[in-house]
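The values are calculated or read from the model by the stated rules, or taken from the named source; none is laboratory data. No experiment lies behind these values; they were computed from the predicted model shown. Ideal geometry is used to build each Cβ from the backbone, glycine not excepted, and the neighbour counts take in all protein chains shown.
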Amino acid sequence: MKTKHILSARQFGKDEILEIFRLAGEMKEVYRHGPVQVLAGCKEVINLFCQPSSRTFSSFEVALDRLGGKMLCRLPSYEASSFAKGESVEDTIRYYCESYQPHLGAIILRHPKEGAAEEAAAVADDYGISIINAGDGTNEHPTQALLDLYTIWKRRNGNLDGVKLGTCNDLRKSRTIRSLCLLLARNFRVHTIYTCAPQGTASFPQDLMEELLDSNVSIWPTNNLREAADWADFLYMTRPQKEYYDNTEDLRAFQDFRITKDFLDFLPAENPCLIMHPMPVDSETFNEIAPDAKTHPRCIMIEQAANGLPIRMALLKMLLCPN
Ligand code: NCD
């Protein structure tokens, strides 16, 4: 792997992405028949999660274990960490690096603050230790973007050029959408990304839109879910990111954006549209994927989530044991 950290989708070039996908294919077999000891004796890992997580946290744990690597320690929540007492990212990371070198190889960090992973990397660089960004606020989630794109790549038999991606719901705050759009637009031939959100284009971050335009990808805004589904090969739905809203009134508009079984049944058979979602679905408040739509053949979010394990196995192997 060219870079020592995994901080942003921007860092990955096409060749490296395809190499990760190739290795992920091998890792599926390793998982099935393993465990193997490829990371035995390699440097160890800390799982530091300061926002809730089921899949990202667990898949990194299992990925490391199946490769024979060692989790040095783990902090599963903000409340369990000294971040809850006001500690800075810099102090936490410096403590871990200083104390646990030379055995520590990587810290997997999820943190509510945008830029937390970059901050951590600036400290970890002094020690030659890697930071893996497992989500920093509303900024980025690059390992999720890799598993999302891997899902699309597999469904399209290895051809990502010309893919029609629709994105839907809380586009302003979704870090998974930002990272996926960047990964796709910067490396593959894509003309347009549809954005379907309550306030149309206003919901899509301006800076991201400009960055995508630099890669010759234009944004097509709509607030009509049916129009987006009619156009897209893959419609990527997100959860309203309610933890980032002070005013719950602002969340109301998201109630209109729901995928139901009826909606999917109504799509003509020749329409290829598949529904993706990074999970979790907010089944308490929004039901942005309705319960009866979750097992519909067009909804591939479980297949998508399951791709997290081989992708993260591949990333850990490339980072901790590149040869
Ligand atoms: C996402 C996240 O944390 O950004 N979850 C995940 O890692 N799969 C999506 C979300 O929380 O909405």
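This table checks each residue for (1) of a type in the set (Asp, Glu); (2) within 30 Å of Gln241 (Cβ to Cβ); (3) outside any helix (DSSP H, G or I); (4) at pLDDT below 95.
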{"site": "Thr3", "(1), (2), (3), (4)": "no, yes, yes, yes"}
{"site": "Arg10", "(1), (2), (3), (4)": "no, yes, no, no"}
{"site": "Glu26", "(1), (2), (3), (4)": "yes, no, no, no"}
{"site": "Val45", "(1), (2), (3), (4)": "no, yes, yes, no"}
{"site": "Leu48", "(1), (2), (3), (4)": "no, yes, yes, no"}
{"site": "Thr56", "(1), (2), (3), (4)": "no, yes, no, no"}
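Here Cys321 clears all of (1) among the hydrophobic types (A, V, I, L, M, F, W, C); (2) buried (at least 21 other Cβ atoms within 10 Å of the Cβ); (3) farther than 24 Å from Ser179 by Cα except the condition numbered (2). Could you tell me whether Ile289 is in contact with a Phe, Trp or Tyr (Cβ under 6 Å, 6 or more places away or on another chain), buried (at least 21 other Cβ atoms within 10 Å of the Cβ) and modelled with pLDDT of 95 or more? Considered against the rule, which asks whether it is in contact with a Phe, Trp or Tyr (Cβ under 6 Å, 6 or more places away or on another chain), buried (at least 21 other Cβ atoms within 10 Å of the Cβ) and modelled with pLDDT of 95 or more, Ile289 comes out as no.
For segment 248-261, a residue qualifies if it is acidic (Asp, Glu) and surrounded by 11 or more Cβ atoms within 10 Å (Cβ to Cβ), and exactly one does: Asp250.
Candidates are the residues of segment 137-179 that are within 10 Å of the ligand (Cβ to nearest atom) and of a type in the set (Asp, Glu); the one that is nearest to Arg258 (Cα to Cα) is Asp170.
Test Arg55 against the criterion of being within 16 Å of the ligand (Cβ to nearest atom) and either under 19 Å from Leu319 (Cβ atoms) or touching a residue at least 12 places away in the same chain (Cβ under 8 Å) (or both), and give yes or no. It is true that Arg55 is within 16 Å of the ligand (Cβ to nearest atom) and either under 19 Å from Leu319 (Cβ atoms) or touching a residue at least 12 places away in the same chain (Cβ under 8 Å) (or both). Output yes when any residue across segment 68-78 is over 15 Å from the mean Cα position of the chain (by Cα) and either β-branched (Val, Ile, Thr) or under 30 Å from Tyr194 (Cβ atoms) (or both), and no when none is. Scanning segment 68-78, I find no residue that is over 15 Å from the mean Cα position of the chain (by Cα) and either β-branched (Val, Ile, Thr) or under 30 Å from Tyr194 (Cβ atoms) (or both), so the answer is no. Quick one: which of Glu249, Glu284, Glu270 is within 25 Å of Glu114 (Cα to Cα) and either charged (D, E, K, R) or in contact with a Ser or Thr (Cβ under 6 Å, 6 or more places away or on another chain) (or both)? None of the other options fit; the residue is Glu249. Of the helices (runs of 4 or more DSSP H) lying entirely inside segment 231-323, those containing at least 3 residues that are more than 16 Å from the ligand (Cβ to nearest atom) span 261-266, 308-320.
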